[in-house]
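The values are calculated or read from the model by the stated rules, or taken from the named source; none is laboratory data. The shown structure was predicted, so the numbers you read here are calculated from the model rather than taken from an experiment. Here the Cβ positions follow ideal geometry from the backbone for every residue, glycine too, while neighbour counts run over all protein chains shown.
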């Protein structure tokens, strides 16, 4: 019995009960649509978040001063956790890092000289905070960050006009600033910004800086929460790190810095080398140590968490697929009872059990495939809308779509098999007698 | 084995509810032979066992005991799939209530046995059209069963029974649901199939009048053959 005949038989009988077919379809449509929708939103979210992290410098290594986890040594940590009551006095009060705990300029330059083949650049920064630049009625919101010359390179800051901060600016602690193109546009309009003076207002204080460069601000900002008017968007304003320190009145040294490795350097191996290098400096420090980690491992961790999250949600949505499948089974059982006589006639005319079974499984698969296709279209639609609302770029995945088609077909076979088999095994004499 | 014998039955016994307190013996040592090209009738009151006998002849059921050879095939050893093949290739059923498949055109109904036999689409459509012309239904090939009268349905059913050129046509009260005029028409088709195509036809009926039209009348009562005689016409 050929496939085409089975298909036309199945379509014919589905058409004969349009309303019933529609309602049965609905179960599968809802199931597939919710799975696809969730998977689409999930993968869009993962891509956007990972993309944003990548933009922050995925290949970079971060070293930061952190409090030691154990009182004496790291090995005790597990014991502390197991027996907190018995050793409660040993859990230290949060210690404040003093100037002697910070990483000094000397340590950083020694470190750099020690690994000339691995380190391409080191980025140092000191955040100052937010402020506003005003010029008459024009204004721009800024986040002021003190940086060294390596910051621009490590963070891929693209200078479109003028230059970035140089070592000389830092040693002289010059009041110079690198501003974003958006900033330049709102303060200076079409006027040449480089060389101009700007006034940065922070609280009661006013600081006067000279613009030395303009960088291209990133266009793909993830803006979560309330939308911000274009002119109110806060952009970064970079000044020499030494200037920032005197602005802040902070001590010398750094709590953290970022290393960009040269191309082809084995990140994991260098991570271990850098860690042991700083461990020597901090061997006598009882409270603090330098912890070296890469963004890559963080990205992997975040990526797998997000994937697990969307998979988990999709699993919950998949429950509705099972419900849909049970609906199909139910309808097929009703349909088979109604068509008992027809099954008897077919058997009397020489239809083998297998032919009857294939006929009803085909019907079930067709319902599932039609439902699957509608569900995929609906699911992608839902995913696009969902991604739009959450502010992510939507990425419907081809793999998920193919998987959904495969799954709907499997549901058709799985839930169609029992009713189809029941039909196939009917006794022809009794089936013929059925009214 | 005598190839002249289309149906050869020896000591056929059929019991239901075997081993239960309500065990029922419906056929009691039936011996029956039908020659190729013969038109015979089996007559009996309801409850005489003629439906059960028809089911066994038509390979829908197996006897509890005894030997049944249909067109040279020993039916005692066949499994369900083989029985399906036998029904498909060797038996053409005509039922009292027509039993056309609903929501399926007359043409598709006639094609069905050929579909299950694996005949190609073009061949089965051509043959189905030819058969419908033979029974005078070529005008209504695309009609659904619910658009046909009783006599028309039965003519389609006869065309369907002929589809795979079966060894026997098994007609179970074919005129039972028809008025006398259309019943007459249907009987005439059987007669012409018998005379012109040389078909072996087994007619099961409770009507003595119809039975008289056949070559041989086999009477059945309480599961036993009580008489065999020639038809009067």
Counting only residues in the range A:393-402 that are over 18 Å from residue A:51 (Cβ atoms) and surrounded by fewer than 17 Cβ atoms within 10 Å (Cβ to Cβ), the one modelled with the highest pLDDT is identified as A:402
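Given the criteria part of a loop (DSSP other than H, G, I, E, B), surrounded by 15 or more Cβ atoms within 10 Å (Cβ to Cβ) and over 22 Å from the mean Cα position of the chain (by Cα), does residue A:426 qualify?
On the way: part of a loop (DSSP other than H, G, I, E, B): yes; surrounded by 15 or more Cβ atoms within 10 Å (Cβ to Cβ): yes; over 22 Å from the mean Cα position of the chain (by Cα): yes.
In short, yes.
From the list A:384, A:321, A:390, pick out the single residue that is under 37 Å from the mean Cα position of the chain (by Cα), assigned by TED's automatic domain parsing to the domain that holds residue A:40 and surrounded by 22 or more Cβ atoms within 10 Å (Cβ to Cβ). So that I can check it myself, show each step before the final result.
Details: A:384 fails: surrounded by 22 or more Cβ atoms within 10 Å (Cβ to Cβ); A:390 fails: surrounded by 22 or more Cβ atoms within 10 Å (Cβ to Cβ).
Selected residue: A:321, the only one of A:384, A:321, A:390 that is under 37 Å from the mean Cα position of the chain (by Cα), assigned by TED's automatic domain parsing to the domain that holds residue A:40 and surrounded by 22 or more Cβ atoms within 10 Å (Cβ to Cβ).
Given the residues A:369, A:311, which is the only one that is under 32 Å from the mean Cα position of the chain (by Cα) and either within 14 Å of chain B (Cβ to nearest Cβ) or within 25 Å of residue A:424 (Cβ to Cβ) (or both)? So that I can check it myself, show each step before the final result.
Values: A:311 fails: either within 14 Å of chain B (Cβ to nearest Cβ) or within 25 Å of residue A:424 (Cβ to Cβ) (or both).
Of the residues listed, the single one that is under 32 Å from the mean Cα position of the chain (by Cα) and either within 14 Å of chain B (Cβ to nearest Cβ) or within 25 Å of residue A:424 (Cβ to Cβ) (or both) is A:369.
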Return the residues of the range A:128-151 that are touching a helix residue (DSSP H, G or I) at 6+ places or on another chain (Cβ under 8 Å) and in a strand (DSSP E or B); say none if nothing qualifies. A:128, A:133, A:135, A:138, A:139, A:140, A:141, A:142, A:144, A:145, A:146, A:147
Run residue B:127 past the list (1) without any contact (Cβ under 8 Å) to a residue 60 or more places away in the chain; (2) facing another protein chain (nearest Cβ under 10 Å) and report the number of the one that doesn't hold. (2)
Considering only the range B:62-103, state which residues are free of Cβ contacts under 8 Å to residues at least 60 places away in the same chain, within 8 Å of another protein chain (Cβ to nearest Cβ), outside any helix (DSSP H, G or I) and surrounded by 19 or more Cβ atoms within 10 Å (Cβ to Cβ). B:99, B:101
Checklist (1) under 23 Å from residue B:84 (Cα atoms); (2) under 16 Å from the mean Cα position of the chain (by Cα) applied to residue B:43, failing item: (1)
Reported set for the range B:154-184 where residues are touching a helix residue (DSSP H, G or I) at 6+ places or on another chain (Cβ under 6 Å) and over 21 Å from residue B:44 (Cα atoms) is B:154, B:156, B:158, B:159, B:160, B:162, B:163, B:164, B:166, B:167, B:182
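Per-residue answers, yes or no, for (1) within 30 Å of residue B:51 (Cα to Cα); (2) without any contact (Cβ under 8 Å) to a residue 24 or more places away in the chain; (3) in a helix (DSSP H, G or I):
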residue: A:410; (1), (2), (3): no, yes, yes
residue: A:413; (1), (2), (3): no, no, yes
residue: A:420; (1), (2), (3): yes, no, yes
residue: A:430; (1), (2), (3): yes, no, yes
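If I ask for residues that are assigned to a helix (DSSP H, G or I), within 19 Å of residue A:352 (Cβ to Cβ) and at the interface with chain A (Cβ under 9 Å from one of its Cβ atoms), which ones from the range B:112-123 would you list? Write out each step before concluding.
Our first condition is that a residue be assigned to a helix (DSSP H, G or I); within the range B:112-123, this holds for B:112-117, B:121-123.
Checking the rest, the ones that are also within 19 Å of residue A:352 (Cβ to Cβ) come to B:112-117.
Answer for the range B:112-123, where residues must be assigned to a helix (DSSP H, G or I), within 19 Å of residue A:352 (Cβ to Cβ) and at the interface with chain A (Cβ under 9 Å from one of its Cβ atoms): B:112, B:113, B:115, B:116, B:117.
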Sole residue being out of contact with any helix residue (DSSP H, G or I) (no Cβ under 8 Å at 6 or more places or on another chain) and under 22 Å from residue B:194 (Cα atoms), chosen from B:45, B:38, B:23, B:65: B:38
Residue among A:274, A:348 that is touching a strand residue (DSSP E or B) at 6+ places or on another chain (Cβ under 8 Å), touching a residue at least 60 places away in the same chain (Cβ under 8 Å), farther than 21 Å from residue A:151 by Cα and crowded, with 20+ Cβ neighbours inside 10 Å: A:348
